[in-house]
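The values are calculated or read from the model by the stated rules, or taken from the named source; none is laboratory data. From a predicted model like this one, the values you see are computed outputs, not experimental measurements. Counting neighbours? That spans all protein chains shown, and the Cβs are built from the backbone with ideal geometry, glycine included.
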Amino acid sequence: MNRGAALLLVCLLCFAQGAEARRLDRGLGGTPTVIAPKGSWTFGGSAGFESASCNDYDFLVVSGINFTTLSFAINPQFCIMFADNMGLGCKFGASRSLADIRGAEMAVKDISLSVKDYYTISQKYSVAPFFRYYLPLGSSGRFAAVADARLLAGYSEGKRSDGHIPGEVRGVFARRLHFSAGVDTGLIAFLTRHLAVGVSVGLLSFNYSREVQTRNLVYEGVNSFSSGNFMVDLFSLSFGIHCYL
């Protein structure tokens with residue numbers, strides 16, 4: 001009986017040693033790959049421009065389209081690494097857009113609609129401090145996943161006019177404040193030692209905005225909005241170029 005128990009104990013010890021020898025080495029105890037070393041700086045951003053115009057253009061049931069649109073945006077950012085693969089930085093945003101619809105008509109059977117002398121212009125500004133963390137993908141130091149935890153404050157204003165009538169003021173002037181907090185995630189790939197391209201998308205966000213409108217220089221209206229989501233926001237997908245110093 002005692003010999004059987006001793007034999008069983010020896011078998012268990014041999015099995016435990018074999019399992020220990022076959023243990024998967026995940027590399028968690030090794031030296032991590034450094035994507036952005038402590039003390040380095042990162043500069044980057046994105047920019048966009050769009051312009052379109054139509055003169056007496058017909059599209060489906062809409063005829064006599066005459067309009068001009070113009071928009072541009074610039075979003076620079078910088079980040080300083082206070083530790084390997086971890087940094088603090090700030091993003092800035094500025095954009096401006098305008099649309100001038102001189103005329104358009106739509107007719108469907110006995111229903112007809114027309115737009116004339118509609119004009120709108122707006123500009124937006126924002127600042128967003130953030131904390132950034134790089135997660136290396138592989139040991140080459142060329143690819144990494146990026147996560148940003150950010151706070152954002154923005155201001156925008158705009159006006160629109162829906163027609164010109166002699167002696168009458170018709171239009172809306174609006175001012176808007178926007179605050180948000182969230183997490184963005186993405187991927188980055190180094191083209192050279194100091195130049196990389198990246199893509200990011202919103203993952204988690206909490207938003208609050210308040211807008212005050214003044215109509216016809218007399219009437220005032222207020223609108224507030226708040227939201228929160230935990231999902232991949234494809235509308236926030238952005239591409240950029242980053243320089244590492």
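Taking the stated definitions as given, is residue 139 touching a residue at least 24 places away in the same chain (Cβ under 8 Å) and over 27 Å from the mean Cα position of the chain (by Cα)? Yes; evaluated as a whole, the condition is true for this residue.
Among the residues here, residue 89 does not qualify as modelled with pLDDT under 85, closer than 17 Å to residue 240 by Cβ and part of a strand (DSSP E or B). Taking every residue in segment 105-127 that is among the charged types (D, E, K, R) and pairing it with any residue that is outside any strand (DSSP E or B), at least 6 positions away or on another chain, the pairs with Cβ-Cβ distances below 8 Å are 116/163; 117/163; 117/164. Of the residues contained in segment 153-166, one or more are found to be of a type in the set (S, T, N, Q) and at pLDDT 85 or above.
A quick yes/no check of all residues on (1) aliphatic (A, V, I, L, M); (2) free of Cβ contacts under 8 Å to residues at least 40 places away in the same chain:
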| site | (1), (2) |
| --- | --- |
| 181 | yes, yes |
| 185 | no, no |
| 226 | no, yes |
| 238 | no, no |
| 242 | no, no |
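Let's see how each residue does on (1) of a type in the set (A, V, I, L, M, F, W, C); (2) closer than 20 Å to residue 194 by Cα:
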| site | (1), (2) |
| --- | --- |
| 97 | no, no |
| 113 | yes, no |
| 122 | no, no |
| 128 | yes, no |
| 146 | yes, yes |
| 158 | no, no |
| 172 | yes, no |
| 175 | no, no |
| 183 | yes, no |
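Do the conditions hold for residue 64, that is, is it in contact with an Asp or Glu (Cβ under 7 Å, 6 or more places away or on another chain), assigned to a strand (DSSP E or B), at pLDDT 50 or above and not basic (Lys, Arg)? Answer is yes for this residue. A count restricted to segment 202-231 and to residues that are touching a strand residue (DSSP E or B) at 6+ places or on another chain (Cβ under 9 Å), farther than 21 Å from residue 180 by Cβ and at pLDDT below 85 stands at 5.
Quick grid of which residues meet (1) modelled with pLDDT under 80; (2) in a strand (DSSP E or B); (3) of a type in the set (Val, Ile, Thr):
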residue: 28; (1), (2), (3): yes, no, no
residue: 35; (1), (2), (3): no, no, yes
residue: 50; (1), (2), (3): no, yes, no
residue: 54; (1), (2), (3): no, yes, no
residue: 74; (1), (2), (3): no, yes, yes
